[in-house]
1. From the helices alone, meaning DSSP H stretches of at least four residues, give me the mean residue ellipticity at 222 nm for the protein assembly as shown, per-run term -39500 (n - 2.57), in deg cm²/dmol to the nearest 500.
2. Dimensions of the range A:249-407 along principal axes (Cα, Å, largest first)?
3. Can you tell me the Rg and Dmax of chain A, counting just the alpha carbons, in angstroms?
4. Over the Cα atoms of the range A:357-440, what radius of gyration and what Dmax do you get, in Å?
5. Taking only the alpha carbons of the range A:165-264, what extent do you get along each of the three principal axes, in Å, biggest first?
6. Ordered by residue, what ³J(HN,Hα) values in Hz, to whole numbers, does the range A:120-136 give under the Karplus form 6.51 cos²θ - 1.76 cosθ + 1.60, where θ = phi - 60° and Gly and Pro are x?
7. Given 10 °C and 1.306 mPa s, how large is the Stokes-Einstein diffusion coefficient of the range A:206-252 in µm²/s, with Rh as the Kirkwood radius over Cα pairs?
8. Closest to the A-onto-B rotation axis, which residue of chain A has its Cβ, and how many Å off the axis is it?
2 protein chains.
Amino acid sequence: MMRKEWTANEIDLIAQQSESGFRFLQQLNSDERAKLMHLIADEIEVLDEALIEVAEQETALALGRLQGEKARTVNQWRRYANAVKTGLYSEARLDVSEDGQMDLRKYNKGLGPVVVFGASNFPFAFSTAGGDTASAIGAGCSVIVKAHPGHVYTSQMMAEKIHRALEKYGAPKDVFTHVIGDSFELGQRLVQHPLIKAVAFTGSFKGGKALFDLGQTRPDPIPVFAEMGSVNPVFALPDFMTQHAETFAKQYVSSLVLGTGQFCTNPGILIALAGQDLQLFKEGLKSELSEIPPTKMLHAGILANFQQLATEVTQQEGVQLIAKGKGTDQTELAQAAIYETSSTYFLNNPKLAEEVFGPFGLIVSCSNKQELLTVLNAFGGQLTITFSATEQDIESQQELFQLAQEKCGRLLFQGMPTGVEVQYAIQHGGPFPATTDTRFTSVGPDAVKRFLRPVSFQNWPNTFLPDELKNENPLQIDRLVNQQWSKNKIIK
Amino acid sequence: MMRKEWTANEIDLIAQQSESGFRFLQQLNSDERAKLMHLIADEIEVLDEALIEVAEQETALALGRLQGEKARTVNQWRRYANAVKTGLYSEARLDVSEDGQMDLRKYNKGLGPVVVFGASNFPFAFSTAGGDTASAIGAGCSVIVKAHPGHVYTSQMMAEKIHRALEKYGAPKDVFTHVIGDSFELGQRLVQHPLIKAVAFTGSFKGGKALFDLGQTRPDPIPVFAEMGSVNPVFALPDFMTQHAETFAKQYVSSLVLGTGQFCTNPGILIALAGQDLQLFKEGLKSELSEIPPTKMLHAGILANFQQLATEVTQQEGVQLIAKGKGTDQTELAQAAIYETSSTYFLNNPKLAEEVFGPFGLIVSCSNKQELLTVLNAFGGQLTITFSATEQDIESQQELFQLAQEKCGRLLFQGMPTGVEVQYAIQHGGPFPATTDTRFTSVGPDAVKRFLRPVSFQNWPNTFLPDELKNENPLQIDRLVNQQWSKNKIIK
């Protein structure tokens with residue numbers, strides 16, 4: 001039996017075990033944590049046809065996509081491990097005066113047990129053994145994953161891989177706990193448990209905001225990082241449109257329908273000036289989209305949700321159909337579509353700015369440049385904003401560009417927002433409601449920072465200091481010593 | 001007229017002006033912000049007898065203390081400015097592939113307008129021109145300070161200094177706004193205003209938690225960093241007590257009564273094993289404290305609060321008087337006192353773990369080492385925990401030491417927690433309820449981090465990138481380029 005309900009006592013036991021797993025991790029320095037993470041990566045990397053098969057069945061994602069995502073997941077663990085090993089996130093700072101009057105040393109340690117809620121759309125990279133779990137372990141936090149109900153068996157198999165790696169390392173199994181259950185109460189009780197110190201979530205606004213509120217109304221509030229998607233506005237600016245309207249239509253459509261539109265960074269809304277170029281672009285969309293076959297979504301619930309939201313948007317006043325993907329008799333497939341509205345309708349109807357998770361685009365046509373700014377101003381926080389623009393466009397739209405920086409985590413010049421590189425320089429986050437804390441990212445090694453807190457040691461005996469702060473600098477990490485970066489030993 | 005009420009329209013105007021001040025700061029790179037901060041330091045540094053006189057009248061703090069605090073405030077602006085200038089907080093990361101396929105660059109920018117509520121006990125260092133204001137400006141955020149009602153004129157004079165510096169720099173006055181008013185609604189409306197992007201507070205649990213809740217229940221939650229004080233437990237361990245019981249009594253008393261006990265890091269609760277050494281220590285306390293004259297508190301409200309809380313604690317069951325400072329006929333002076341209780345009474349009465357802001361100490365006597373751990377476990381988050389211990393004590397109390405790391409921001413070996421160095425390695429923060437976000441500090445240059453968020457630029461034209469990310473590296477800061485630290489230019 002995979003799915004079950006949980007009593008308060010059972011949840012309490014899980015939290016206590018996770019707390020004991022956390023205490024084990026606290027004994028590991030950053031080098032050791034990196035070693036453990038590479039062991040987890042090794043386990044995931046092993047060729048495992050059964051895993052891919054189960055994931056294919058549970059998610060309806062294509063084989064190639066799943067293989068690629070699995071490789072990305074391995075890479076993610078290794079990247080984060082290497083970043084942790086450099087000591088970058090330990091942020092060791094030592095202020096040690098020569099006269100012995102001052103000896104103050106600070107480093108970052110893990111917050112405590114973290115509860116992770118994975119995403120439906122990335123069964124590997126942002127689920128059980130995904131980025132949130134990797135960054136929490138990298139920070140030295142134990143993890144409790146509540147399995148995503150959309151891919152419970154895949155989740156279970158990934159959890160086994162992590163447990164195998166823990167065993168190989170010689171770590172207790174409680175470092176990582178996998179919990180399966182359908183009820184909202186299970187998640188609620190975990191988030192509210194006093195031993196839980198942080199929460200990470202990827203999914204819908206409704207789910208993320210509910211968890212955030214639970215975390216903030218605890219007697220002792222805890223950090224809840226929820227990545228809740230966005231509509232990722234694309235501003236198609238005039239000079240660019242004059243030059244590229246037709247080729248751009250092709251690029252936009254392929255980004256919009258990628259993975260049946262099931263990406264947080266799907267370019268859901270495109271804003272452009274009305275006129276001949278936009279007309280050309282729309283004709284391009286029509287011909288491009290007419291070639292796109294209907295495809296399967298992650299599961300029936302997501303498809304139903306997509307169809308309902310799309311219908312709600314298209315039934316609003318002032319919304320016209322522009323282009324449709326190929327039709328189908330099969331009711332379980334999603335048909336791509338692009339609609340259009342004017343800035344006036346858009347600005348007067350917040351419904352039109354809501355995310356439709358799936359292959360659905362809305363064009364907002366503006367009659368002048370000032371309206372572009374007004375439309376941008378109406379958006380809440382976004383993961384990305386794309387400028388389909390030339391340098392001349394940016395030059396003449398400085399105010400739009402400046403405002404966009406306040407509205408999103410990642411700004412693109414040309415290109416499309418789908419495709420999120422696992423790099424130091426990525427920002428996968430953004431102002432609310434894209435996430436619940438714009439100061440952090442959930443992709444890239446910097447995601448580790450969400451689960452760290454600084455602790456200072458004053459006049460502390462060297463023997464009992466964490467390795468990161470010892471006189472000898474045994475980990476050979478860069479440390480900020482008396483305001484200078486150094487790998488040197490401290491001579492006392 | 002210094003004090004007034006504010007209409008919603010007036011508050012809206014203030015927020016809009018501050019937003020325009022923020023837009024100005026966004027045009028400044030980290031070098032320019034550092035320059036502005038040094039100009040502010042210059043203005044504060046100017047000899048100003050009238051200022052010190054007004055502060056003396058408003059706060060009842062001694063002349064020497066105020067002069068020292070003013071110097072500390074100048075130093076704080078300069079330290080933070082120098083840290084900002086190094087680019088440390090810009091955290092520039094560039095991932096630029098040679099084949100031109102990837103060009104991703106990230107840096108940290110300011111969150112937006114920040115509302116600051118200063119502390120009563122530091123009219124310079126943690127108030128109008130204090131650490132929160134300095135770190136917000138360092139992050140590129142405009143600031144609205146709600147003047148502390150305990151020192152409104154001092155606050156006004158400090159605000160004028162900041163405005164003078166802004167004028168010298170050529171910055172609009174809206175970069176810094178000073179608001180005077182008594183009502184809770186004023187603070188509430190500021191925190192809830194949509195243009196406000198973060199809040200910093202230093203003061204009581206009640207005040208800080210109310211602002212935190214306001215920030216988290218906005219339609220768009222914002223970061224609220226509240227530092228709410230703590231009781232700063234001191235664990236006096238057996239081997240240390242055997243060696244130092246008497247001299248330690250002297251040290252403890254002088255820390256307890258420093259500044260009439262009006263420090264966030266005042267060592268309010270001391271935990272020790274019952275027995276002969278503790279007896280000796282208590283006799284030392286009695287003789288030391290009997291020499292301590294009564295002193296004035298910041299204002300009548302704080303004195304009344306101190307007397308009420310102290311009386312509440314001393315009236316609990318199982319609490320005995322150990323030592324008292326010199327008495328007085330003058331009702332406006334605070335008399336220091338130290339009481340004692342046993343771990344049994346302490347563990348059964350949460351009232352005994354509450355902060356009494358003032359020169360008030362409580363000894364918790366334990367009958368064995370296990371009880372020390374149980375008492376530590378009962379504490380909520382603390383700014384500091386002090387081990388009055390020898391290395392042998394730490395060796396034999398590893399579990400206590402490990403648990404203490406989960407409970408506080410700064411751990412001391414010997415010494416006293418009063419005295420907070422403005423250094424990179426300081427952590428002035430801690431788990432709730434010491435602060436509302438244990439991941440940040442409100443003292444030391446790292447305080448800047450509270451007000452920053454990362455933004456990525458993908459394939460962005462060099463001309464329009466912020467200076468921190470330009471190919472030329474015009475600010476000559478350390479950047480993480482393709483996973484390596486470098487000051488080099490990017491050749492494209």
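1. On the way: 30 runs with 392 residues, N = 984.
My calculation for the protein assembly as shown gives -12500 deg cm²/dmol from helical runs alone.
2. The Cα atoms of the range A:249-407 stretch 48, 29, 27 Å along their principal axes.
3. Expressed in Å, the Cα Rg and Dmax of chain A come to 24.3, 82.
4. Gyration radius and largest Cα-Cα distance of the range A:357-440: 13.4, 39 Å.
5. Each principal axis gives a Cα extent; for the range A:165-264 these are 59, 39, 24 Å.
6. 6, 7, 10, x, 9, 6, 10, 9, 3, 10, x, x, 5, 5, 4, 6, 5
7. Numbers: Rh = 14.2 Å.
Reported coefficient: 112 µm²/s.
8. A:216, 2
The values are calculated or read from the model by the stated rules, or taken from the named source; none is laboratory data. Computed from a predicted structure; not experimentally measured. Note that each Cβ is placed from the backbone with ideal geometry, even for glycine, and that neighbours are counted across all protein chains shown. Keep in mind that these areas ignore ligands, DNA and RNA; they rest on the heavy atoms of the full protein, side chains included. Shrake-Rupley method; radii C 1.70, N 1.55, O 1.52, S 1.80 Å.
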